[in-house]
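One structure is given below, encoded as structure tokens.
The values are calculated or read from the model by the stated rules, or taken from the named source; none is laboratory data. In this text, all values refer to a predicted model and were calculated from it rather than measured experimentally. So basically every Cβ, Gly included, is an ideal-geometry build from the backbone, and we count neighbours across all protein chains shown.
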């Protein structure tokens, strides 16, 4: 299939031209005019977005371990331009995580039509600080456990692509050294000081989960986790850009602190795409009102926004359009080791793309060359 007359977002930026799709992959990406095929009428074409931190949507939560719920979540994300995702777990017992991971492995192997691809699992918890647990359930927190993690990893066929840990916990550095051989290790839900964080980054952690949230802020005498991460070019930082979790000024600051290393994420909950009301998260009640999800005590629980909207928000907050697109596509794809298959419009990659207008409003979504 030939597509022409479009502004195609490539690794070099937007290019006026088109592309061909064969066997569900991009066969050619070209600049300039070409006759025949489907005329896209000057539409912008983006790579399908990649969300590496999403708990749920459309009333479903990954941690439920419900296959139909995960399929419904994948269908919702696909319609919103998120063509690949890493469903993200909560702090829960290992047995509960095993069931959830099994559903992800099954959907990864057999993707239903119209559904986003499951390209990994993000294991958020249970190796967290009680002080910075946020919306994680304190009843299930535990110390880093390399053997337990390996069992979970092997049980889902190695689909876990990110595992989180708080550096101040006993054994965090040793855990990082073991886990980095299997997947990306991320620092999260932590009260660590600079030295504790630096030790885990030196041990091999290369990722920071939802920058600014569930961690100490920056202080000129206590740079903490953020300071330790920002000065290491190997560390990428996730950023929630729903306009609630992080102030627009701090969004702009994040892109300066981590140049070329920001990954936009949604951190969405089951209430994403749902009306106001009461929902559940890791055994706790969540109340959605006016687009804000909170626990009973008022703690922000997660997001009701999706990655596509967050990408648009980033642009509205002053982030250059091309930079926001990269942060929602190829960068997260690389963080989970999938950059050679998804995240950009290039020859040989899976033909996942979004047609949109100049303001990045999505008009059509394609996965493997098939319209959703």
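Applying the selection to region 139-159, what residues are over 18 Å from the mean Cα position of the chain (by Cα) and either in contact (Cβ under 8 Å) with a residue 40 or more places away in the chain or under 12 Å from residue 188 (Cα atoms) (or both)?
Result: 139, 140, 141, 148, 151, 152, 155, 156, 157.
Give the residue that is farthest from the chain's Cα centre (by Cα), with candidates limited to residues of region 221-244 that are assigned to a helix (DSSP H, G or I) and more than 16 Å from residue 166 (Cβ to Cβ). Lay out the reasoning, then the answer.
Step one: filter region 221-244 for residues assigned to a helix (DSSP H, G or I), giving 224-230.
Then drop every residue that is not more than 16 Å from residue 166 (Cβ to Cβ), which leaves 227, 230.
Numbers: 227: 22, 230: 19 Å.
By that ranking, first place goes to 227.
Against the definition (within 22 Å of residue 46 (Cβ to Cβ), in contact with a helix residue (DSSP H, G or I) (Cβ under 9 Å, 6 or more places away or on another chain) and at pLDDT 90 or above), how does residue 225 come out, yes or no?
Values: within 22 Å of residue 46 (Cβ to Cβ): no; in contact with a helix residue (DSSP H, G or I) (Cβ under 9 Å, 6 or more places away or on another chain): yes; at pLDDT 90 or above: yes.
No, not satisfied.
With the condition kept exactly as written, say whether any residue in region 118-128 is in contact (Cβ under 8 Å) with a residue 40 or more places away in the chain and over 23 Å from residue 237 (Cβ atoms). I'd like the intermediate steps shown before the answer.
Here is the first cut: in region 118-128, the ones in contact (Cβ under 8 Å) with a residue 40 or more places away in the chain are 118-125, 127-128.
Of the ones still in play, those that are also over 23 Å from residue 237 (Cβ atoms) are 118.
Looking for residues that are in contact (Cβ under 8 Å) with a residue 40 or more places away in the chain and over 23 Å from residue 237 (Cβ atoms), one finds at least one in region 118-128, hence yes.
Suppose we filter region 134-181 for residues that are in a loop (DSSP other than H, G, I, E, B) and closer than 18 Å to residue 97 by Cα; how many remain? Write out each step before concluding.
Step one: filter region 134-181 for residues in a loop (DSSP other than H, G, I, E, B), giving 134-137, 141-145, 156-159, 166-171, 180-181.
From what's left, closer than 18 Å to residue 97 by Cα: 135-137, 141-145, 156-159.
The number of residues fulfilling the criteria is 12.
Residues in region 101-108: is at least one closer than 19 Å to residue 146 by Cα and at pLDDT 95 or above? First the steps, then the outcome.
Residues of region 101-108 that are closer than 19 Å to residue 146 by Cα, as a first pass: 101.
Restricting the remaining residues to those that are at pLDDT 95 or above gives 101.
Within region 101-108, one or more residues are closer than 19 Å to residue 146 by Cα and at pLDDT 95 or above.
Can you tell me which residue among 18, 37, 65, 13 is over 17 Å from residue 108 (Cα atoms), buried (at least 19 other Cβ atoms within 10 Å of the Cβ) and either out of contact with any strand residue (DSSP E or B) (no Cβ under 7 Å at 6 or more places or on another chain) or free of Cβ contacts under 8 Å to residues at least 40 places away in the same chain (or both)? Working first, answer last.
Working: 37 fails: buried (at least 19 other Cβ atoms within 10 Å of the Cβ); 65 fails: over 17 Å from residue 108 (Cα atoms); 13 fails: buried (at least 19 other Cβ atoms within 10 Å of the Cβ).
It is 18.
Restricting attention to region 191-220, which residues are within 16 Å of residue 128 (Cα to Cα) and part of a loop (DSSP other than H, G, I, E, B)?
Within region 191-220, 191, 192, 193, 205, 209, 210, 211, 212, 213, 214, 215, 216 qualify.
Listed here are the residues, each with its yes/no results for (1) out of contact with any strand residue (DSSP E or B) (no Cβ under 8 Å at 6 or more places or on another chain); (2) farther than 23 Å from residue 158 by Cβ; (3) without any contact (Cβ under 8 Å) to a residue 40 or more places away in the chain; (4) not assigned by TED's automatic domain parsing to the domain that holds residue 259.
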{"position": "175", "(1), (2), (3), (4)": "no, no, no, no"}
{"position": "178", "(1), (2), (3), (4)": "yes, no, yes, no"}
{"position": "193", "(1), (2), (3), (4)": "no, yes, yes, no"}
{"position": "209", "(1), (2), (3), (4)": "no, no, no, no"}
{"position": "217", "(1), (2), (3), (4)": "yes, yes, yes, no"}
{"position": "231", "(1), (2), (3), (4)": "yes, yes, yes, no"}
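Output the residues belonging to region 340-372 that are modelled with pLDDT of 95 or more, part of a loop (DSSP other than H, G, I, E, B) and out of contact with any strand residue (DSSP E or B) (no Cβ under 8 Å at 6 or more places or on another chain).
Once the filter is applied, which keeps residues that are modelled with pLDDT of 95 or more, part of a loop (DSSP other than H, G, I, E, B) and out of contact with any strand residue (DSSP E or B) (no Cβ under 8 Å at 6 or more places or on another chain), region 340-372 yields 340, 361.
May I ask you to list the residues in region 309-339 that are touching a residue at least 40 places away in the same chain (Cβ under 8 Å) and assigned to a loop (DSSP other than H, G, I, E, B)?
Listed by number, the residues that qualify are 317, 318, 319, 329, 336, 337, 338.
Could you please let me know if residue 91 is under 30 Å from residue 136 (Cβ atoms), out of contact with any strand residue (DSSP E or B) (no Cβ under 7 Å at 6 or more places or on another chain) and crowded, with 24+ Cβ neighbours inside 10 Å?
Details: under 30 Å from residue 136 (Cβ atoms): yes; out of contact with any strand residue (DSSP E or B) (no Cβ under 7 Å at 6 or more places or on another chain): yes; crowded, with 24+ Cβ neighbours inside 10 Å: yes.
Yes: the conditions hold for residue 91.
Give the number of residues within region 280-308 that are part of a strand (DSSP E or B) and either free of Cβ contacts under 8 Å to residues at least 40 places away in the same chain or not assigned by TED's automatic domain parsing to the domain that holds residue 186 (or both). So that I can check it myself, show each step before the final result.
Pass one, region 280-308, residues part of a strand (DSSP E or B): 280-281, 284-289, 292-295, 300-303.
Filter once more, keeping what is either free of Cβ contacts under 8 Å to residues at least 40 places away in the same chain or not assigned by TED's automatic domain parsing to the domain that holds residue 186 (or both): 285, 287-289, 293-294.
Residues in region 280-308 being part of a strand (DSSP E or B) and either free of Cβ contacts under 8 Å to residues at least 40 places away in the same chain or not assigned by TED's automatic domain parsing to the domain that holds residue 186 (or both): 6 in total.
Take region 49-86 and flag every residue that is under 30 Å from residue 19 (Cα atoms) and either in contact with a helix residue (DSSP H, G or I) (Cβ under 6 Å, 6 or more places away or on another chain) or assigned by TED's automatic domain parsing to the domain that holds residue 21 (or both).
Residues satisfying the conditions are 49, 50, 51, 52, 80, 81, 82, 85.
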